[in-house]
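J.: Sharing a structure, written as structure tokens. Questions coming.
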Amino acid sequence: MAQLQIGTFFEAPKTDHTQPQCVTRRQFYGFRNHVLRVLRKFGSAGPMGEADVSARAYAEANEFEGDLTHDPGLEDGDDEELEFEKEIVHNPDFFVVDDWYNEYDKQSFVECAPEQIKAGLLDSLAEMAGAFPGWWIRFSLGDSGIQASADRVFIGGRRFWDCETVEEIAERCSKPVDFGSAGPFPDSMYELWVAAVSGEFTSSTDCEAPPDRQWAEAIRTLRAMSEDRPDGRISRLDYRQMRFDLHPETRRELARRFLAGISTCSAQRLEEARDNILREAGEALVHAPNRVAAASLAAEISRGQAAVCDRLDPKGVVFWWDRALYSVGEPRDEVRGAIATELRGKLTSSNSLIVLSAIFGLARLRVDDIASLVDEASVANPHWSEAPGLAKWLLDLRRGRVTYPSGSFLAKS
């Protein structure tokens, strides 16, 4: 097959949402079926299998009684009733999104680990896509992304800096990113980074000259995203598109600086930036070089929580450590021990919301004595029994079930 052209996400074509709708449900699921067939040659794909997109099946699912050669397309119908293959694939190598995205984007979305990407996979997808002009397969790899079609592959993220061939892309996916040295801390970029994590960056935001390539790439990404927005403003969720251009040590130091000065942060900036900050702090815990470093960072996360607990709603306080631990996953023993020690120290806090946050964090860490910790904290905070929803949640945690609370009971805790 012809050599695939390699470009960056900045060169990828943009969808024109002002034009008439051009993607039907059958087209979306039909293309997805072909993507699944290719992916299955390289690993498991799912969790939902192929959809029956035959004219008769589609008409029956949507109660369409007209000519079966007609594509109901964008007419209203119960899309949930489409028939999929019966077998559900649990924990597939390739998670292929089965929700119809919209009526404009000719794309199928896939999530997978970078090591699943092979040169042969991209070549096979390109060959298949030749029968679907204008359609794309988009891979989310966690730290980077790939957008592939019949003749082009667009790449984004530090993992793929300077890649020029499909073989180079596959080779980069086969091993961890080589970050090299982080270099000196970029004081000049701190306010720009804060604008990104809090959704304050706009197309008119002034940017100082980037001190190195990672910041040049980050600014380029921010500019491209803001130019795509009607009001020129990115959201806090867009930060994930640029964060992996930055060195992990750079992100760690940026998060630490934010936590150190969090008491001066406005309520609005705090609300917008919180999840991004805690995510970065959590990932920094994962990569802490030793227990001492992990303990120091855990203490900084707790100090940040204490500094702003009077400005957060109750759930914001209780879920503080949960948000950080979301990025931690299954930490190695020395990191797990450092976090558990920090959280145990918060069980005697005079702020019952901080106590709940610590209990939830310890439950997420699966500590062996969670039942006795819940019992002791409940005795010290008898008012918890006045909120039935809270009591039920604590009972779940006590039994080893790490669930999220429902209802508004936290307002009474």
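J.: Once you have the Cα-Cα distance between Gln19 and Arg240, take 0.36 nm times their residue separation minus that, and quote the gain in nm to one decimal.
T.: 76.7 nm
J.: Once fully extended, how much extra length lies between Ser203 and Arg37, figured as 0.36 nm per residue of separation less the alpha-carbon to alpha-carbon distance?
T.: 55.6 nm
J.: Then there is this: Using Cα atoms only, what is the angle between the long axis of helix 333-344 and the major principal axis of the chain, expressed in degrees (0 to 90) to the nearest 10?
T.: Once rounded, one gets 50 degrees.
J.: So what's the chain giving for Rg/Rh, alpha carbon basis, Kirkwood Rh from the mean inverse pair distance?
T.: 1.01
J.: Calculate, for Ser406 and Ser266, the FRET efficiency according to 1/(1 + (r/R0)^6) with r their C-beta to C-beta distance and R0 25 Å; round to the nearest 0.05.
T.: 0.25
J.: How large is ³J(HN,Hα) for each residue in segment 271-276, as worked out from phi by the Karplus curve 6.51 cos²θ - 1.76 cosθ + 1.60 (θ = phi - 60°), to whole Hz, x for Gly and Pro?
T.: 4, 6, 8, 3, 5, 5
J.: Sticking with this one: Picking from Pro133, Pro114, Pro211, which is most flexible by a Gaussian network model of the chain using Cα springs under 10 Å?
T.: Highest fluctuation among the options: Pro133.
J.: From the backbone phi of segment 172-185, what are the Karplus-calculated ³J(HN,Hα) couplings (6.51 cos²θ - 1.76 cosθ + 1.60, θ = phi - 60°) in whole Hz, Gly and Pro given as x?
T.: After applying 6.51 cos²θ - 1.76 cosθ + 1.60, I find 5, 6, 7, 8, x, 5, 8, 7, x, 7, 6, x, x, 5 Hz.
J.: Cut-off is 10 Å between beta-carbons; in what order do Thr202, Thr8 appear when sorted fewest neighbours first?
T.: Thr202, Thr8
J.: Using the Cα centre of segment 243-332 as the reference point, and only Cβ charges (+1 on K/R, -1 on D/E), how large is the resulting charge dipole? Debye, rounded to the nearest 20.
T.: Its charge dipole is roughly 180 debye.
J.: If you don't mind, there's one more thing I want to ask. Can you give me the relative contact order of segment 320-382 as a percent, contacts being Cα pairs under 8 Å and 6 or more apart?
T.: Computed over segment 320-382, the figure is 35 percent.
J.: How many nm is it between the label spots at Arg332 and Arg399, if each spot is 7 Å from the Cα in line with the beta carbon?
T.: My value for the distance between the label points is 3.6 nm.
J.: Could you please state, rounded to a whole Å, how far the C-alpha centre of segment 222-259 is from the C-alpha centre of segment 356-390?
T.: After rounding, the separation between the Cα centres reads 35 Å.
J.: Fewest to most neighbouring Cβ within 10 Å: what's the order for Lys14, Lys175?
T.: In order of increasing Cβ crowding within 10 Å: Lys14, Lys175.
J.: Between helix 119-129 and the chain, what is the angle of the helix's C-alpha long axis to the longest principal axis, kept within 0 to 90° and rounded to the nearest 10?
T.: With both axes taken from Cα atoms, the answer is about 50 degrees.
J.: Same structure again: Suppose every K and R has +1 on its Cβ and every D and E has -1 on its Cβ; what is the size of the dipole of the chain about the Cα centre, in Debye to the nearest 20?
T.: 1740
J.: Can you tell me the 0 to 90 degree angle between the C-alpha axis of helix 213-227 and the longest principal axis of the chain, rounded to 10?
T.: Roughly 70 degrees between the two axes.
J.: Related question: Can you figure out the FRET efficiency of Asp93 with Ala306, using R₀ = 35 Å and their beta-carbon distance, to the nearest 0.05?
T.: Here the calculated transfer efficiency is 0.25.
J.: Given contacts defined as C-alpha pairs under 8 Å and at least six residues apart, what's the relative contact order of the chain, whole-number percent?
T.: Over the chain, the number comes to 10 percent.
J.: Pick out which of Ile370, Ile359, Ile277 has the largest mean-square fluctuation in a Gaussian network model of the chain, springs linking Cα atoms closer than 10 Å.
T.: Ile370
J.: Using label points projected 7 Å from each Cα along Cα→Cβ, tell me how many nm separate Asp369 and Ala131, to one decimal.
T.: Each label point is offset 7 Å from its Cα along the Cβ direction, giving 6.3 nm.
J.: Neighbour counts of other C-beta atoms within 10 Å: give me Tyr239, Tyr404, Tyr29 arranged from fewest to most.
T.: Exposure proxy ranking, most exposed first: Tyr404, Tyr29, Tyr239.
Rule-based calculations on the coordinates, nothing more; no lab input. For clarity, every value in this text was computed on a predicted model and none was experimentally measured. Note: ideal-geometry Cβ built from the backbone for every residue, glycine included; neighbour counts use all protein chains shown.
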